[in-house]
């Protein structure tokens, strides 16, 4: 059977063709007027994509590099920080903060759950210097109440740092209105290009905090990057081809939004929300159980049916269709599988995933699936959404 490789994971995501072409043609030196013009344009467009007036920094690293930079630039050894952890990437915040000697309090919830705001409030004291949280926990499919957490911090000296690596482009976030001090994104998610770039929007409060932070930092010194970004440069050699691809992706979003990157972002978020809703309802139609207590649009996490390992579902999907789903991470490996809705994916991709899933489940447990059940429900959800758009 002829097969075409397709990524249906929460990252990396399918590549935008315009981004691929831009990378192939990116024969630029990074200390030239041509690159400076490109970089300044990308930084300006990123502000619109994030939805902020704050300065934006681009780092040649994975998203974890930007997470580390938030810890090293905003804290000092021994300072008290609060980590909200309910999955693999919440655990990463805790690991980073401990690695740099912070006094870490972890408000932990089981995988698949989120944090009641009253419990978060109970952990907030004047000594807490920074709160670290995910916008969406891609290991579980959970969306956290970033706006609610931000409101708890209003009027305090506590900074809010949000890993929105899968949240940006899939979730409506009011960065400046809520007072998010640092928000982090990654190139391989909603911006539809390969891994290798991380970006952050940083508030004036956070810039001021950096002047008193006592952590060691060199490559990830955000103050150096801010100083150089004004000139259209990075402090060190940038990933030129990826920045060209990012520029092409942001141009594509602007085109989708009639010349407005922010409108293109809204379309991207709405698309993720619709695909996630179609997938959730389709999963229920197949008798499957959703894993997340508060479902986000970045990824749908689904419990494997009784007697079947999610690892076998993921392997079966790849074997039959060369399609890549994600298994559970950490303690959830073998128990859940995850389907991404980020970036360059649309309703037709969603339908293809569901059709393939029906085939894989039937092969693993013959007679367990009524073919077309998931597709019919997804089509109804899509049709209702289209009716709502036309009103």
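Read the figures in this text as sums done on the coordinates, not as results from a lab. What you are looking at is a predicted structure, and each value in this text was computed from that prediction instead of being measured. Here the Cβ is made from the backbone with ideal geometry for all residues, glycine too, and neighbour counts use every protein chain on show.
The slack between residue 5 and residue 223, meaning 0.36 nm per residue of separation minus the straight C-alpha distance, is 74.3 nm. Calculated mean residue ellipticity, 222 nm, the chain: -14000 deg cm²/dmol, from DSSP H runs (n ≥ 4) at -39500 (n - 2.57) each, averaged per residue and rounded to 500.
Principal-axis analysis of the Cα atoms of the chain puts helix 261-285 at an angle of about 40° to the longest axis. Direction-averaged projected area, Cα convex hull, the chain: 19.6 nm², rounded to one decimal. Just so you know, the Cα atoms of the stretch 68-206 work out to an Rg and Dmax of 13.8, 41 Å.
Axis of helix 33-50 versus longest Cα principal axis of the chain: the two differ by about 60°, to the nearest ten degrees.
Using the 10 angstrom Cβ neighbour count as an exposure proxy, how do 337, 321 rank, fewest first?
Least crowded to most crowded, the residues run 321, 337.
Take the Cβ atoms of residue 123 and residue 211, set R0 to 30 Å, and the FRET efficiency comes out at 0.65.
If I stretch the segment between residue 76 and residue 311 completely, what's the gain in nm (0.36 nm per residue apart, minus their alpha carbon distance), one decimal?
Net length gain for the segment: 80.5 nm.
A straight line joining the Cα centroids of the stretch 173-247 and the stretch 343-373 runs 39 Å. You can think of it this way: the chain between residue 370 and residue 98 has 93.0 nm of extra reach, that is 0.36 nm per residue less the Cα-Cα gap.
Distance between the modelled labels on residue 41 and residue 176, one decimal in nanometres: 2.3 nm (7 Å Cα→Cβ projection). Dividing the mean sequence gap of close Cα pairs (under 8 Å, 6+ apart) by how many residues the stretch 17-256 holds gives a relative contact order of 31 percent. Cβ-Cβ distance of residue 363 and residue 24, R₀ of 45 Å, FRET efficiency by 1/(1 + (r/R0)^6): the value works out to about 0.70.
To the nearest 10 degrees, how steeply does helix 373-390 sit against the main Cα axis of the chain, on a 0 to 90 scale? Helix 373-390 sits roughly 50 degrees off the main axis of the chain.
Packing here is the average count of other Cβ atoms within 10 Å per residue, and on that basis the peptides 241-253, 355-367, highest first, run 241-253, 355-367. Placing a label point 7 Å from the Cα of residue 384 along the Cα-to-Cβ line, the residues of the stretch 244-286 whose backbone N sits under 16 Å from it are 273-286. Note on the stretch 37-67 and the stretch 85-152: Cα centroid distance 24 Å, given to the nearest whole angstrom.
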